[in-house]
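Working notes, structure below.
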Amino acid sequence: MDKNELYPIFLKVSQLNVLIVGGGNVAHEKLSFLLKSSPNARVTLIALEFSKELEVLAKEHSLKMFSKAYSSDSLDNQHIVIAATNNRGVNEQIHKDAKAKHLLVNVADTPDLCDFYLGGIVTKGQIKIAISTNGKSPTMAKRLRQFFEAVIPDEIDDLAENLNRFRKGIQGDFAEKVTKLNTLTKGLLKEDND
């Protein structure tokens, strides 16, 4: 069995410049999921035309929108790029230009041209769980997200806050702190020998 070798990270997209090239349904989907997880994401949109839904969403979040064709200078001052046009040639050019500028790039529905995937994300207060199928099945990631949203209680955030307060009050070196936190949290896992 192949192993998923992706390295999950959580990006502060409110401090990074994200460019989405495209103005249709795919761009709307990418932007929606980004803003659902990070409502203050710093996003710029470029397309010849924007769907009404995309315009409404972008305006709700005060995002920059430019009605123009893509050109390589669109990548200036960007950190992350999402190519979501309906033109494979343009998407491939965006990928090529982004790689030349050492930018992280995601080309929608083209896993071999992606440095990263936008996986399923479960958020319960401060708790965030990312789900990846290594680009194999976005539908499975969606179903897993729905499952975890249903089974993880909203009160999990209270637990995280309480553990944070406890962690800050623990005395000792790193090893002692880990031991105390492990002892305290062992009860979170259901014991199979009931």
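The values are calculated or read from the model by the stated rules, or taken from the named source; none is laboratory data. Keep in mind it's a predicted model, so treat the numbers as computed, not measured. Glycine gets a Cβ as well: all are built from the backbone with ideal geometry, and neighbour counts include every protein chain shown.
If we scan segment 135-142, do we find a residue that is farther than 30 Å from Glu29 by Cα, free of Cβ contacts under 8 Å to residues at least 60 places away in the same chain and in contact with a Gly (Cβ under 8 Å, 6 or more places away or on another chain)?
Checked segment 135-142: no residue is farther than 30 Å from Glu29 by Cα, free of Cβ contacts under 8 Å to residues at least 60 places away in the same chain and in contact with a Gly (Cβ under 8 Å, 6 or more places away or on another chain).
Within segment 140-176, which residues are of a type outside the set (S, T, N, Q) and farther than 23 Å from Gly125 by Cβ?
Result: Met140, Gly172, Asp173, Phe174, Ala175, Glu176.
With segment 9-104 as the region, which strands (runs of 3 or more DSSP E) entirely inside it contain at least 3 residues that are surrounded by fewer than 20 Cβ atoms within 10 Å (Cβ to Cβ)?
Result: 64-67.
For segment 100-134, give me each residue that is of a type in the set (Lys, Arg) and in contact (Cβ under 8 Å) with a residue 40 or more places away in the chain.
Across segment 100-134, the qualifying residue is only Lys128.
Taking segment 1-26 on its own, how many of its residues are at pLDDT 95 or above and over 13 Å from the mean Cα position of the chain (by Cα)?
Residues flagged as at pLDDT 95 or above and over 13 Å from the mean Cα position of the chain (by Cα) within segment 1-26 amount to 10.
Working only within segment 50-94, note down all residues that are among the hydroxyl-bearing types (Ser, Thr, Tyr) and free of Cβ contacts under 8 Å to residues at least 60 places away in the same chain.
Ser51, Ser62, Ser67, Tyr70, Ser71, Ser72, Ser74
How about segment 113-194: which helices (runs of 4 or more DSSP H) wholly inside it have at least 3 residues that are modelled with pLDDT of 90 or more and exposed (fewer than 13 other Cβ atoms within 10 Å of the Cβ)?
138-151
Given the conditions (1) within 13 Å of Asn17 (Cα to Cα); (2) in contact (Cβ under 8 Å) with a residue 24 or more places away in the chain; (3) in contact with a strand residue (DSSP E or B) (Cβ under 6 Å, 6 or more places away or on another chain), and given that Asn40 satisfies all but one, which numbered condition is not satisfied?
Of (1) within 13 Å of Asn17 (Cα to Cα); (2) in contact (Cβ under 8 Å) with a residue 24 or more places away in the chain; (3) in contact with a strand residue (DSSP E or B) (Cβ under 6 Å, 6 or more places away or on another chain), only one is false for Asn40: (3).
If you take the residues in segment 27-77 that are over 21 Å from the mean Cα position of the chain (by Cα) and among the aromatic types (Phe, Trp, Tyr), which one is nearest to Val105 (Cα to Cα)?
This residue is Tyr70.
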